[in-house]
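Visitor: Okay, handing you the structure first.
The values are calculated or read from the model by the stated rules, or taken from the named source; none is laboratory data. Bear in mind the structure is a predicted one, so any value in this text is a computation, not a measurement. Neighbour counts are summed over all protein chains in view; Cβ atoms, including those assigned to glycine, are modelled from backbone coordinates with ideal geometry. Remember, those area values only see protein heavy atoms, side chains included, never the ligands or the DNA or RNA. Shrake-Rupley method; radii C 1.70, N 1.55, O 1.52, S 1.80 Å.
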Amino acid sequence: MKVGLLQFTVRGGDRKANEETVARYMAEAREHRPEVLVLPEMWTTGYDLINLAALADDGAPYGDLLVRWASETGATIVGGSSPVGVAGRFANTLYAYTPEGERILSYEKAHLFGLMGEDRYLAAGSAAGNFSIGEVPCGAVICYDLRFPEWIRKTVLAGCEILFIPAQWPLSRLDHWRILLQARAIENQCYVVACNRTGADEKGVAFAGHSMVIDPWGTPVVEAGEEEGWLWAEIEREKVGRVRRKMTVFADRRVDLY
Ligand SMILES: NC(=O)CCC(=O)C(=O)O
């Protein structure tokens with residue numbers, strides 16, 4: 001399965017500029033014949049939470065763009081996330097679409113990140129992000145959710161061979177990013193596909209880039225630098241089964257203890 005992760009510099013509060021940037025990269029992606037494309041967290045608006053009510057949509061413009069790009073590229077799009085608001089309740093929401101335009105995932109970030117003010121402006125989701133790409137069981141969480149292994153374990157126990165993690169993760173905690181991503185891949189024996197943003201926001205906070213694909217043994221398959229652009233990787237689904245058969249972590253769980 002050929003996967004492309006787009007890390008780019010999100011412009012806070014400027015949906016038009018962000019849409020134009022992604023559209024440009026989507027046109028470029030076609031020649032790579034991708035099967036899955038992944039975008040970063042809150043790529044439409046950035047963290048302009050004060051203006052959330054004006055910037056968020058009800059899911060339609062955000063979803064419509066993903067439908068268009070999925071159709072144009074022929075890939076399933078795991079569309080990062082965007083603020084989606086219905087009846088005054090806004091959530092950091094991730095949609096995924098097939099090339100045929102079917103929405104296969106709507107996931108709301110479950111753990112709100114106080115350091116970036118999310119808890120003051122957004123509502124937390126409470127449903128796990130399980131979905132399938134063709135026959136492959138997948139899961140998704142968003143950024144800060146990465147710090148909650150219980151939540152990710154729940155997603156994996158429901159069936160997940162590839163875990164997608166769109167993010168806006170700062171450069172100052174790059175070490176946490178890399179260690180936690182690897183740990184989640186090792187302990188859950190699944191692929192981790194993590195797409196971060198690049199550049200700095202309007203307050204001068206620098207973001208890490210370093211999007212990564214990690215295999216179910218915990219070995220990085222690819223890792224980006226801090227620059228904007230596509231990161232490409234090949235996912236070998238058989239590896240998940242191989243690792244899970246070799247080290248029987250799931251069968252060895254002491255469910256009588258925890
Ligand atoms: N957007 C986020 O959830 C950021 C999470 C983060 O930076 C962290 O250290 O955790």
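Visitor: Can you name the residue in segment 138-171 that is touching a Gly at 6+ places or on another chain (Cβ under 6 Å) and more than 13 Å from the ligand (Cβ to nearest atom) and, of all such residues, is nearest to GLY46 (Cα to Cα)?
Guide: Per the criteria, the residue is ALA140.
Visitor: Quick one: would you say ILE186 is of a type in the set (Val, Ile, Thr), closer than 22 Å to ALA91 by Cα and either away from the ligand (no atom under 16 Å from the Cβ) or modelled with pLDDT of 95 or more (or both)?
Guide: On the way: of a type in the set (Val, Ile, Thr): yes; closer than 22 Å to ALA91 by Cα: no; either away from the ligand (no atom under 16 Å from the Cβ) or modelled with pLDDT of 95 or more (or both): yes.
So ILE186 fails the test.
Visitor: Moving to a separate point now. So which residues in segment 10-27 are more than 20 Å from the chain's Cα centre (by Cα) and within 24 Å of ILE104 (Cβ to Cβ)?
Guide: Passing the criteria: only ALA27.
Visitor: Would you be able to say whether some residue in segment 2-25 is touching a Gly at 6+ places or on another chain (Cβ under 6 Å), of a type in the set (Phe, Trp, Tyr) and closer than 22 Å to GLY204 by Cβ? Steps first, answer last, please.
Guide: The first filter runs over segment 2-25 and keeps only residues touching a Gly at 6+ places or on another chain (Cβ under 6 Å), leaving 7, 9-10, 12.
Within this subset, residues satisfying the condition of being of a type in the set (Phe, Trp, Tyr) are none.
No, that holds for no residue.
Visitor: So in segment 85-107, with the set limited to residues that are under 18 Å from the mean Cα position of the chain (by Cα) and within 16 Å of the ligand (Cβ to nearest atom), which one is surrounded by the most Cβ atoms within 10 Å (Cβ to Cβ)?
Guide: ASN92
Visitor: Look at segment 148-206 and say how many of its residues are in contact with a helix residue (DSSP H, G or I) (Cβ under 8 Å, 6 or more places away or on another chain) and among the acidic types (Asp, Glu).
Guide: 2
Visitor: Within segment 108-137, can you find the residues that are in a helix (DSSP H, G or I) and either within 13 Å of the ligand (Cβ to nearest atom) or buried (at least 17 other Cβ atoms within 10 Å of the Cβ) (or both)?
Guide: Start the filter on segment 108-137 by keeping residues that are in a helix (DSSP H, G or I), which leaves 114-116, 118-121.
Of everything in segment 108-137, those that are in a helix (DSSP H, G or I) and either within 13 Å of the ligand (Cβ to nearest atom) or buried (at least 17 other Cβ atoms within 10 Å of the Cβ) (or both) turn out to be GLY114, LEU115, MET116, GLU118, ASP119, TYR121.
Visitor: When the residues of segment 144-181 are narrowed to those that are open to solvent by less than 10 Å² (accessible area, probe 1.4 Å) and touching a residue at least 60 places away in the same chain (Cβ under 8 Å), which ends up farthest from LEU122 (Cα to Cα)?
Guide: Only one residue tops the list, namely ILE162.
Visitor: Checking CYS195 against (1) within 13 Å of the ligand (Cβ to nearest atom); (2) open to solvent by 10 Å² or more (accessible area, probe 1.4 Å): exactly one of these is not met. Which one?
Guide: (2)
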